[in-house]
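Heads up, the thing below is written out as structure tokens.
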Amino acid sequence: MKKIYFLMLFWLPLTVLAQDKMLKIEDTRNFSLYPSRLDQLQFRGEDNAYTFVSKETQALMQGTPEKGNGELLTLAGLNKHLKDLKEPELVSFPFIQWLNSSEFVWTESTTLWRYNLSQNSLSKLGKWSEISEDQDIAKNGNTAYTEKGNLMILNASNGKNLQVSNDATFDLVYGKAAHRQEFGITKGTFWSGSGTKLAFYRMDQTDVTDYHLQNYNEIPAGDSKIKYPMAGQKSHYVTVGVYDIKSGKTIYLETGEPKDQYLTNITWSPDEKSIYVAVLNRDQNEMKLQHFNAQTGKLEKTLFTETHLKYVEPEHGPIFIPNQSQFLWFSEKDNWQHLYLYNTDGTLVKQLTSGDWIVEEILGFDKKGENVMISATKDGAISLHGYKVSLKTGEMTKLTAEEGTHELQLSKTGEYLLDSYSNLTTPLVMLYTNVATTKVLRTLHTSDNPLKAYKTGQVSFFPIKSTDGIADLYCRLIKPVDFDPSKKYPVMHYVYGGPHAQMVHNTWLAGADMFLMYMASQGYVVFTIDNRGSAGRGLTFEQATFRNLGKVEMEDQMAGVEWLKKQPWIDTERMGCFGWSFGGFMTTSLMLRKPGTFKAGVAGGPVIDWKFYEVMYTERYMDTPESNPEGYKSASLLSGVTNLNGNLLIIHGLMDDTVVPQHSAAFINECINKGVLIDYFPYPNHPHNVRGKDRVHLYKKVEDYFKKNL
């Protein structure tokens, strides 16, 4: 793997002569302080032309390989059509989805609209009720949605609303994301390529225990009931239905038993005759890729099986190669997430990519299906680049030149890329690139430094070694404004540390948000480290925490603390820790198990005892409480309250349906029982995080706590 040790001393000086403004706490929600970008930049359907919405003129703009930007449709032109139809006019250009090169759709309130550019015409495709949710628009405009747990379809060809199910209850829902949105699941409906058939989840939660949250907006306070399967408890029973719009009939895939298996990564075959499902056992150590007949629901074949002593985590379905009987499959079976080429009968052709890096995404294929375009970390663990990979030879060609993290879109023909990249010294640049030549044809947008008028600290990132001396752990450091190395500064150690997250990136500000920058402007050294167990570094790195969450992570966080303590400008008597969710678990762990290290800690929405957390996530990393009692006992923070040597503030949303309030309640009860004093602040109306205008209030609370105690 290509290391990036040259970044050890790579820092970003953001303070220059003209900068005299200081960040305010309200600036944490000032979105103008983040890099500017072209709104809705995307390819025009199947075309190589790109489109975006101009913020200045509120017009839909277009560019082609041959020409620069030109106006495609103005807001005034769109409003004229709406006015002619006696419909309310728009105040800004809507968020659009291209159906093809001529037509796009958008939703406004409960209405689905289609605009045809070639005919210069606007049509209303249909409506749904105000209580509808989960809209999913197919390439032909057909739209799936849910209503009180039932699955509905808007037929775009005639505007009729079709009811797929009618027996939904609190225990039984259709078309909703299943399995607590683990395994890459983000929705509960899956259109076939033509948009004429719909696969969907049916989730029976009868066996799942009801969990009660309190709604304090009602008088008296009301009961808000959810389904929440905790680790080791009974889970829900999921099946996959297939609805055919033409016949109006529904069949179910014969996925069989056991009831608590996980049905993930539902994928249609290109000919729409088959559906592929990655079926995972509850122990999550065996995955079977199964091929079902979409007309009968019959299981036709198990293509292959993947097993692991710890866990297998499928997050991507098969990606079919155009006009060939082959597909690509993501797997971590060699420790790193790479691509494997299979025939559609399940025969492995070869491993396509390999090395100590991961493939992040498949962008698409070229016209002939000879090359696949991907984004990957081949040139650095905290960077992301685009590559062309030959399906025949595996030869790779780098498509992106500039250092940093590239967000990429590939045209349907595979000829052009839209490349939005940033790095530590570059806020954001958006490019239009030729894949064959790798040359930039046009710079579409370059963001100014949005903080150029402000005094801000130096941001840097660098690796240190893990406690076992093997892994590189990447750190982000933000020094205070007007940093003076002869002075000593307090520290805000910002921590997350859990799976599926990476805090340090080679992006603008190294991934820091405005609150972290604000705290640096208030005189704090702000530090973050990605420990073992976090994302992007391969399976061994991630699985180092298996069955014992909190142990290895703390060791690596303490390695970061020891690095800080060696710096002469750190006041080791004034160190604070702050984290949310898994970061709240880590903050509380550090306060209890490394007493005296931090004088103050703020733990938001913290996991306190993993037996209170949900089935899918917890059992992947901890197994069940019955099979791993020592691991659960070791990870529980209830037994360590008497070790607290410092000031700890717990913050929790009382409507939290992710880390339920029982976590903090149990911790407070234990503190009461043991005579330990802590601080607690609830947000009665908020779920797992505090968003909207109240987020400034949250940040004020955190800042105030550190000011008082550090």
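Restricting the search to region 282-291, which residues are among the basic types (Lys, Arg) and either touching a helix residue (DSSP H, G or I) at 6+ places or on another chain (Cβ under 8 Å) or at pLDDT below 95 (or both)?
Within region 282-291, Arg282 is the sole residue that qualifies.
Among the candidates Ala294, Ala278, which residue alone is within 23 Å of the chain's Cα centre (by Cα) and modelled with pLDDT of 95 or more?
Of the residues listed, the single one that is within 23 Å of the chain's Cα centre (by Cα) and modelled with pLDDT of 95 or more is Ala278.
Would you check if Phe546 is among the aromatic types (Phe, Trp, Tyr) and assigned to a loop (DSSP other than H, G, I, E, B)?
yes
Only one of these is farther than 28 Å from Lys246 by Cβ, out of contact with any helix residue (DSSP H, G or I) (no Cβ under 6 Å at 6 or more places or on another chain) and of a type in the set (Asp, Glu): Glu332, Glu360. Name it.
Matching residue, one of Glu332, Glu360: Glu360.
Return the pair list, or none, for Cβ contacts closer than 6 Å from residues in region 640-661 that are farther than 18 Å from Lys227 by Cβ to residues that are surrounded by fewer than 20 Cβ atoms within 10 Å (Cβ to Cβ) and aromatic (Phe, Trp, Tyr), at least 6 apart or on different chains.
Filtered contacts from region 640-661: Ile650/Tyr680; Ile651/Phe681.
Pull out all pairs, ordered by first then second residue, where Cβ-Cβ is under 6 Å, the residues are six or more apart or on different chains, the first lies in region 675-698 and is assigned by TED's automatic domain parsing to the domain that holds Met519, and the second is of a type in the set (Phe, Trp, Tyr).
Qualifying pairs under 6 Å: Pro684/Tyr216; Val690/Tyr683.
Identify all residues within region 139-162 that are in contact (Cβ under 8 Å) with a residue 24 or more places away in the chain and hydroxyl-bearing (Ser, Thr, Tyr); write none if there are none.
Those that are in contact (Cβ under 8 Å) with a residue 24 or more places away in the chain and hydroxyl-bearing (Ser, Thr, Tyr): Thr143, Tyr145, Thr146.
Condition first: part of a strand (DSSP E or B) and surrounded by 21 or more Cβ atoms within 10 Å (Cβ to Cβ). Now tell me which residues in region 127-163 satisfy that.
Keep residues of region 127-163 that are part of a strand (DSSP E or B), which gives 127, 133-137, 143-147, 150-155, 160-163.
Selection gives Ile137, Thr143, Ala144, Tyr145, Thr146, Leu151, Met152, Ile153, Leu154.
When Glu257 is evaluated against the numbered criteria (1) touching a helix residue (DSSP H, G or I) at 6+ places or on another chain (Cβ under 9 Å); (2) more than 28 Å from Asn371 (Cα to Cα), which criterion, by number, is the only one it fails?
Unmet condition: (1).
Can you find, within region 551-579, the residue that is farthest from the chain's Cα centre (by Cα) among those that are over 22 Å from Pro463 (Cβ atoms) and crowded, with 24+ Cβ neighbours inside 10 Å?
So, considering only residues that are over 22 Å from Pro463 (Cβ atoms) and crowded, with 24+ Cβ neighbours inside 10 Å, the one farthest from the chain's Cα centre (by Cα) is Gly576.
For region 7-20, check the following and say yes or no: at least one residue is modelled with pLDDT of 95 or more and either assigned to a loop (DSSP other than H, G, I, E, B) or not assigned by TED's automatic domain parsing to the domain that holds Ala512 (or both). Working first, answer last.
Residues of region 7-20 modelled with pLDDT of 95 or more: none.
No, region 7-20 has no match at all.
Filter region 635-684 for residues that are charged (D, E, K, R) and under 21 Å from His212 (Cβ atoms); which is surrounded by the fewest Cβ atoms within 10 Å (Cβ to Cβ)?
Checked region 635-684; the qualifying residue surrounded by the fewest Cβ atoms within 10 Å (Cβ to Cβ) is Asp657.
So Thr545 fits all but one of (1) of a type outside the set (Phe, Trp, Tyr); (2) in contact with a strand residue (DSSP E or B) (Cβ under 9 Å, 6 or more places away or on another chain); (3) crowded, with 22+ Cβ neighbours inside 10 Å; what number is the exception?
Every listed condition holds for Thr545 apart from (2).
Which residues, counting only those in region 213-271, are assigned to a loop (DSSP other than H, G, I, E, B), among the hydrophobic types (A, V, I, L, M, F, W, C) and surrounded by 15 or more Cβ atoms within 10 Å (Cβ to Cβ)? Reasoning before the result, please.
Keep residues of region 213-271 that are assigned to a loop (DSSP other than H, G, I, E, B), which gives 216-221, 228-229, 231-236, 245-248, 253-261, 269-271.
Next cut, among the hydrophobic types (A, V, I, L, M, F, W, C) only: 219, 221, 231, 245, 253.
Those that are assigned to a loop (DSSP other than H, G, I, E, B), among the hydrophobic types (A, V, I, L, M, F, W, C) and surrounded by 15 or more Cβ atoms within 10 Å (Cβ to Cβ): Ala231, Ile245, Leu253.
The values are calculated or read from the model by the stated rules, or taken from the named source; none is laboratory data. In this text, all values refer to a predicted model and were calculated from it rather than measured experimentally. Cβ atoms come from the backbone with ideal geometry, glycine included; neighbour counts cover every protein chain shown.
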